[in-house]
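Working notes, structure below.
The values are calculated or read from the model by the stated rules, or taken from the named source; none is laboratory data. Note that this is a predicted model, so its numbers are computed, not measured. Counting neighbours? That spans all protein chains shown, and the Cβs are built from the backbone with ideal geometry, glycine included.
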Amino acid sequence: MSSDAIVLLKADHKELKGVFKQFQQAGEDATQKKGDLVKKMIELLTVHTYLENELIYPEVRRALPDLEDDVLESYEEHHVADVLCMELSTMNADHERFEAKTTVLIENVLHHIEEEEQEWFPEVRQGMTRKQLSELGERMLEMRKTAPRSPAQPKAMKKSLDAIVK
């Protein structure tokens with residue numbers, strides 16, 4: 001697989017969209033399956049937002065200061081996803097608001113993915129060299145090994161708190 005950061009981020013997006021689709025197609029009586037899919041969503045989103053918040057966004061912000069507003073908006077979109085993931089991680093799949101909360105999470109993340117892939121990624125690709133994106137991707141792969149997998153893990157909680165106090 002390529003170590004290009006944008007290629008890696010798009011691969012994450014594709015995997016997430018696949019889990020979202022499975023959730024949406026699971027059917028009304030698939031409570032256990034939906035619960036399992038949400039656990040998978042939470043893990044994927046926790047890792048992905050951690051990598052973007054701790055590595056990608058700061059590096060892009062440094063290299064491409066014109067994208068500052070986009071980066072700040074992305075931090076806030078991640079914060080909303082983090083809050084929803086934290087709430088969902090404490091809920092049972094049969095809770096009356098579980099499906100509604102998951103739907104809101106999916107809608108928000110799909111909006112974020114679309115903005116990144118249609119607007120932000122092309123600007124980043126134009127503004128950074130292949131070498132920079134490859135090095136960033138290699139760092140991402142390394143960080144992924146120790147990235148938090150649950151919103152309750154200290155690294156993930158720090159990320160959420162940073163969004164509030166910074």
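Results, tabulated for the structure shown:
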{"item": "Conditions (1) part of a helix (DSSP H, G or I); (2) surrounded by 15 or more Cβ atoms within 10 Å (Cβ to Cβ); (3) among the small types (Gly, Ala, Ser); number of the one not met by Ser3", "result": "(1)"}
{"item": "Residues of region 3-23 classified as in contact with an Asp or Glu (Cβ under 9 Å, 6 or more places away or on another chain) and small (Gly, Ala, Ser), total", "result": "2"}
{"item": "Residue in region 133-143 that is under 28 Å from Lys21 (Cα atoms), in contact (Cβ under 8 Å) with a residue 60 or more places away in the chain, out of contact with any Leu (no Cβ under 7 Å at 6 or more places or on another chain) and acidic (Asp, Glu) present", "result": "no"}
{"item": "Filter result for the condition that a residue is under 19 Å from Glu99 (Cα atoms) and buried (at least 16 other Cβ atoms within 10 Å of the Cβ), over Leu44, Leu64, Leu51, Leu8", "result": "Leu44"}
{"item": "Near pairs, Cβ below 8 angstrom, 6+ apart or cross-chain, from region 14-43 (in contact (Cβ under 8 Å) with a residue 12 or more places away in the chain) to any residue that is of a type in the set (A, V, I, L, M) and exposed (fewer than 15 other Cβ atoms within 10 Å of the Cβ)", "result": "Lys17/Leu110; Phe20/Leu110"}
{"item": "Test: residue in region 21-38 that is among the aliphatic types (A, V, I, L, M), more than 22 Å from Thr146 (Cβ to Cβ), at pLDDT 95 or above and crowded, with 16+ Cβ neighbours inside 10 Å", "result": "yes"}
{"item": "Per-region count, region 64-117, residues modelled with pLDDT under 95 and hydroxyl-bearing (Ser, Thr, Tyr)", "result": "4"}
{"item": "Filtered residues of region 61-94 (kept if touching a Gly at 6+ places or on another chain (Cβ under 6 Å) and farther than 22 Å from Val124 by Cβ)", "result": "Ala93"}
